[in-house]
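Participant: This structure is in structure tokens; I'll ask about it shortly.
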Amino acid sequence: MTGCGGLLSVTTWTIPWNENRSMKIVLAPDSFKGSLSAEGVCAALEVGLRRVLPGAEIVKRPMADGGEGTLDAVSHALADSGARRKQALVRNAAGQ
């Protein structure tokens with residue numbers, strides 16, 4: 001999708017599909033800063049994909065680039081392991 005002087009250009013593909021085959025789709029988005037968390041993006045994408053591919057296996061793996069949302073992505077990845085987020089008071093780089 002590209003914008004051009006107020007116009008929007010969208011590219012679409014037609015994929016021949018055999019209903020007897022299963023499809024696995026991995027969703028691995030980053031957050032949309034200021035609007036959706038990576039988990040929210042996964043949820044929105046899944047809703048749309050289920051409309052057109054109701055039988056697809058959808059695997060959600062929210063990502064982060066080290067900025068905002070990184071701890072949420074790590075927490076999501078470790079959710080089944082029993083890991084949990086804890087707060088701690090720590091010293092800064094200057095040892096203060």
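None of the figures in this text is laboratory data; all of them are computed from the coordinates on show. This structure is a prediction, so every number in the text was calculated from the model and none was measured. Cβ coordinates were reconstructed from backbone atoms using ideal geometry, including for glycine residues, and neighbour counts include every protein chain displayed.
Participant: What FRET efficiency would be calculated for the residue pair VAL59, ALA79, taking the C-beta separation as r and a Förster radius of 22 Å, to the nearest 0.05?
Facilitator: Working: r = 14 Å, r/R0 = 0.63.
Once the sixth-power term is evaluated, E becomes 0.95.
Participant: At what distance in nm do the modelled label points of LEU49 and LYS24 sit from each other, each positioned 7 Å from its Cα along Cα→Cβ?
Facilitator: About 1.2 nm, to one decimal.
Participant: Can you compute the modelled spin-label distance between ALA93 and GLU68, with each label point 7 Å from Cα toward Cβ, in nm?
Facilitator: Simple spin-label model gives 2.2 nm for this pair.
Participant: In addition: Please sort 49-57, 85-93 by packing, taking for each peptide the average over its residues of neighbouring beta carbons within 10 angstrom, highest first.
Facilitator: Working: 49-57: 10.7, 85-93: 5.6.
Highest-to-lowest ranking by the protection proxy: 49-57, 85-93.
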